[in-house]
Amino acid sequence: METSRADDDEHKYQPIRTSDAVHHLTMDPIFTSDTHFATIDQVDAAVDEILSGGNLPETIVSKLTNFELPFYERSFELRKLTIMKQICRQSDSVTQYQRQQDKNNRAADQLDKVPQLHFVGFKHAFEEMNYMSGSPFGNDQVERFLDLGCAPGGFALWLLQNNKSARGKGVTLSPEAKGIRLRLVPRFPERFHVQYEDVCNIATGQVAFEEPPAGGFDLVTANAAIMLADNKIPWNLTIRLVYAQLLVAFQYIAQGGSLVISFRSRPVSWVVDIVRFIGQTFTSVAAENPSFQARRSFAYVVCRGFKAGGDEKKRDIQRLRECVDYLENISRISICECTSGRRITDIQSMVAGPIDDPVSGTTNIPRLCGAQGEVLPDETYQYVTDMFDNAWKRQYMGIRSQYEGVLLKQAAQIKAQDRDTRKGGTGQPVRRGSVSTSVSATGTVTPSGSLQTPAVQPSEGGPFKWSRPIDDYQRRRQQTKTAYTSFFKLDRRNGMSDGPDGPGSWRR
């Protein structure tokens, strides 16, 4: 359900009260696993009901840090998105759908189909992002660009096709290092060159960056972090990659150049710190969320007009290097912990803690702006929420669209099985609110997410048959032919012609 900006204002500065929250996940029937929605309108009504109470459910609030709460107080879109996510987590239908999607993706990955899908998807994503940003990257406006994490090559392809004289440089892992296969190089062998290397190794100086242009790149894209699997990569490695990309970008971006970087849109401390940092070093910053991967908690941050130079640029690079080194040290200790089996209490808690845990997590990452533990000024809260609000809204609509598709599929399955039941089938209809299994008359269990096969096959006897007897088919065909003949037959008593244009023909 779309909400206008005017409607958002009344919700913008409502404090979140945890002590008197009226909706609790453990008490509110909206959030129990026994509650099921049949239509997306019912889901919208549930979201509106919770928002109208003025408080987030207690269990949602309990998962937020004190650092995040002020952002939820100021952003209606963020509260709305968080409620929709929680409803989806409680839905068996959505859970089963997502598991099936993961299974399909793994199968496609084994067939080498994922790189091609990402190749086309990222190309369209950059086109959409360029349009939403006012079209600053096409029509020969880009001459030299750097694509960090360039595989499979969708961003670079769009830039080369829409900037005829542009030349690009890409950095990505080689296929031998389990990198995604690049599908771009054969098309533009003279205009796009690739360095197969880990961006983090370039950032730390372990590997030299090959042939940087003298004046720097007028556009740097850094999209490597969004390609990492959320449930397979430790958080410290993912965040280290974001800082490493920022470090390489600041080293080689031209004055007045642009940066497009993807990272998480949840307003935790390290994200807010990066947003403040790039807001001080670029003239304009905006967060976009293209339709491709819109459901994920990532945003593409488009930064234009790089203005840091001289000593200021050196200080910025040094701060970024400190962040990368800190996360690199955590990564090494984490790997050592896994391989040796040693237990180091302090480090173990820091590595294993949640992303924004007040004791561990990212709390101790060196600050790019301000000091550790400082109270953010009110304008910072407003700046961050204003920047991400549109991305949060688009993510909400992406999740809602997925949920609606699941509910429509579920309704079609229920309707089909109810129809079969009325015709004499014995299949049990699926339970509303989840695509559950059902048992046929022969005792066969139908897998979740698929329509039940008929209990009686075409070659078998029984109350319902898919095949039609031959004599019955011929009888019906003869009846149709007789009716057609009688309609057009000649009435010789009245002298009427049986031709198509005769006095009694159907054309007249």
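The values are calculated or read from the model by the stated rules, or taken from the named source; none is laboratory data. Source: prediction; values computed, not measured. So basically every Cβ, Gly included, is an ideal-geometry build from the backbone, and we count neighbours across all protein chains shown. The area values use the complete protein model at the heavy-atom level, side chains included, leaving out ligands, DNA and RNA. Shrake-Rupley method; radii C 1.70, N 1.55, O 1.52, S 1.80 Å.
Quick rundown of the values:
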quantity	calculated
Flag if ARG367 is assigned by the TED database to the domain that holds VAL285 and open to solvent by 40 Å² or more (accessible area, probe 1.4 Å)	yes
Every residue from the range 133-186 that is part of a helix (DSSP H, G or I) and over 24 Å from the mean Cα position of the chain (by Cα)	LEU160, GLN161, ASN162, PRO175, GLU176, ALA177, VAL185, PRO186
Residues within the range 272-316 that are assigned to a helix (DSSP H, G or I) and not aliphatic (A, V, I, L, M), tallied	13
Complete set of residues in the range 237-259 that are touching a helix residue (DSSP H, G or I) at 6+ places or on another chain (Cβ under 7 Å), of a type in the set (S, T, N, Q) and buried (at least 24 other Cβ atoms within 10 Å of the Cβ)	GLN245
Enumeration of residues in the range 377-398 that are open to solvent by 20 Å² or more (accessible area, probe 1.4 Å) and of a type in the set (A, V, I, L, M, F, W, C)	MET397
Residues satisfying the stated conditions in the range 259-272, i.e. under 21 Å from the mean Cα position of the chain (by Cα), farther than 14 Å from ALA222 by Cβ and among the polar types (S, T, N, Q)	SER265
Any hit, the range 205-218, residues being more than 23 Å from the chain's Cα centre (by Cα), modelled with pLDDT of 95 or more, surrounded by 15 or more Cβ atoms within 10 Å (Cβ to Cβ) and outside any loop (DSSP other than H, G, I, E, B)	yes
Hey, GLN86 among the polar types (S, T, N, Q) and part of a helix (DSSP H, G or I) or not	yes
Test: ILE180 is closer than 18 Å to HIS118 by Cβ, surrounded by fewer than 17 Cβ atoms within 10 Å (Cβ to Cβ) and not charged (D, E, K, R)	no
Whichever residue in the range 273-321 is open to solvent by 50 Å² or more (accessible area, probe 1.4 Å) and within 23 Å of PHE67 (Cα to Cα) and, among such residues, is farthest from the chain's Cα centre (by Cα)	ARG319
